[in-house]
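**Student:** Supplied in structure tokens, the structure appears directly below.
The values are calculated or read from the model by the stated rules, or taken from the named source; none is laboratory data. Being a predicted model, the structure only gives us computed values, none of them experimental. Heads up, the Cβs are rebuilt from the backbone with ideal geometry, glycines too, and the neighbour counts pull from every protein chain shown. Only protein heavy atoms, including side chains, enter the accessible area calculation; ligands, DNA and RNA are left aside. Shrake-Rupley method; radii C 1.70, N 1.55, O 1.52, S 1.80 Å.
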Amino acid sequence: MNNVSVLLVTHSRVGRALLETAQSMLHELPFRAALVPVSQSCDPDKEFEVGKDLCRQLDNGEGVLILTDAFGSTPSNIASRIAAAMSDIDANPITTRIVAGVNLPMVLKIANYPNLAIDELAQNAVAGGQRGVMLCNSPSQ
């Protein structure tokens, strides 16, 4: 599998729930994935180190798409630090893109287009996530 890999850096169990649900719906995820679950009591520096190690393990030369939940939150800040650290690797920088606001439609969109290059995949992730948010019923006017 030479696709872009996915690293979820999210509050607590959000990332695990999204991956497990997508996997149960699709029977198999067409990309390598890992999780950095960030708890309220975590040490952000420790989680940053864990995320860097996972990013290195995940990369197969195609890059790592980092998904996080709430922009500006601790997981989002950790994700930004991971991405910056991956681009600073002298010998072999790892290409990363970060998308905040992760939701199930976004993960499913990524799974449906696993062969896209990282920039296209990131754009598809954003589009899938946005299209998955809608008002399903409203009072009659």
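**Student:** Determine, yes or no, whether Glu28 is of a type in the set (D, E, K, R) and either touching a strand residue (DSSP E or B) at 6+ places or on another chain (Cβ under 9 Å) or closer than 15 Å to Lys109 by Cα (or both).
**Tutor:** In short, yes.
**Student:** Still on this model: Which of the following residues is in contact with a Phe, Trp or Tyr (Cβ under 9 Å, 6 or more places away or on another chain) and modelled with pLDDT of 95 or more: Val14, Val6, Val38, Val50?
**Tutor:** Val6
**Student:** May I ask you to list the residues in region 67-91 that are part of a loop (DSSP other than H, G, I, E, B) and either small (Gly, Ala, Ser) or open to solvent by 40 Å² or more (accessible area, probe 1.4 Å) (or both)?
**Tutor:** Answer for region 67-91, where residues must be part of a loop (DSSP other than H, G, I, E, B) and either small (Gly, Ala, Ser) or open to solvent by 40 Å² or more (accessible area, probe 1.4 Å) (or both): Ala70, Phe71, Gly72, Ser73, Asp88, Ile89, Asp90, Ala91.
**Student:** Determine, yes or no, whether Cys42 is in a helix (DSSP H, G or I), in contact (Cβ under 8 Å) with a residue 24 or more places away in the chain and open to solvent by less than 50 Å² (accessible area, probe 1.4 Å).
**Tutor:** Working: in a helix (DSSP H, G or I): no; in contact (Cβ under 8 Å) with a residue 24 or more places away in the chain: yes; open to solvent by less than 50 Å² (accessible area, probe 1.4 Å): yes.
Taking the combined requirement at face value, the residue does not satisfy it.
**Student:** Would it be correct to say that Gln123 is out of contact with any Cys (no Cβ under 8 Å at 6 or more places or on another chain) and without any contact (Cβ under 8 Å) to a residue 12 or more places away in the chain?
**Tutor:** For Gln123, the condition - out of contact with any Cys (no Cβ under 8 Å at 6 or more places or on another chain) and without any contact (Cβ under 8 Å) to a residue 12 or more places away in the chain - is met.
**Student:** Right, another one. Determine which member of the set Val64, Val50, Val14, Val9 is open to solvent by 30 Å² or more (accessible area, probe 1.4 Å), among the aliphatic types (A, V, I, L, M) and touching a residue at least 24 places away in the same chain (Cβ under 8 Å).
**Tutor:** Numbers: Val64 fails: open to solvent by 30 Å² or more (accessible area, probe 1.4 Å); Val50 fails: touching a residue at least 24 places away in the same chain (Cβ under 8 Å); Val9 fails: open to solvent by 30 Å² or more (accessible area, probe 1.4 Å).
Among Val64, Val50, Val14, Val9, only Val14 is open to solvent by 30 Å² or more (accessible area, probe 1.4 Å), among the aliphatic types (A, V, I, L, M) and touching a residue at least 24 places away in the same chain (Cβ under 8 Å).
**Student:** Here's a follow-up. Taking region 97-120 as the search range and keeping residues that are in contact with a strand residue (DSSP E or B) (Cβ under 6 Å, 6 or more places away or on another chain) and of a type outside the set (D, E, K, R), which one is most open to solvent (accessible area, probe 1.4 Å)?
**Tutor:** Ile98
**Student:** Report yes if Val102 is touching a Ser or Thr at 6+ places or on another chain (Cβ under 8 Å), within 15 Å of Ala125 (Cβ to Cβ) and either without any contact (Cβ under 8 Å) to a residue 60 or more places away in the chain or not aromatic (Phe, Trp, Tyr) (or both), otherwise no.
**Tutor:** Values: touching a Ser or Thr at 6+ places or on another chain (Cβ under 8 Å): yes; within 15 Å of Ala125 (Cβ to Cβ): yes; either without any contact (Cβ under 8 Å) to a residue 60 or more places away in the chain or not aromatic (Phe, Trp, Tyr) (or both): yes.
It is true that Val102 is touching a Ser or Thr at 6+ places or on another chain (Cβ under 8 Å), within 15 Å of Ala125 (Cβ to Cβ) and either without any contact (Cβ under 8 Å) to a residue 60 or more places away in the chain or not aromatic (Phe, Trp, Tyr) (or both).
**Student:** Mind checking which residues of region 81-111 are farther than 17 Å from Gly51 by Cβ and at pLDDT 95 or above?
**Tutor:** At the first step, the residues of region 81-111 found to be farther than 17 Å from Gly51 by Cβ are 90-92, 101, 103-111.
Matches in region 81-111: Gly101, Asn103, Leu104, Pro105, Met106, Val107, Leu108, Lys109, Ile110, Ala111.
**Student:** Filter region 25-39 down to the residues that are open to solvent by 30 Å² or more (accessible area, probe 1.4 Å) and not in a loop (DSSP other than H, G, I, E, B), then identify the one that is nearest to Asn3 (Cα to Cα).
**Tutor:** Step by step, filter region 25-39, then rank; the result is Ala33.
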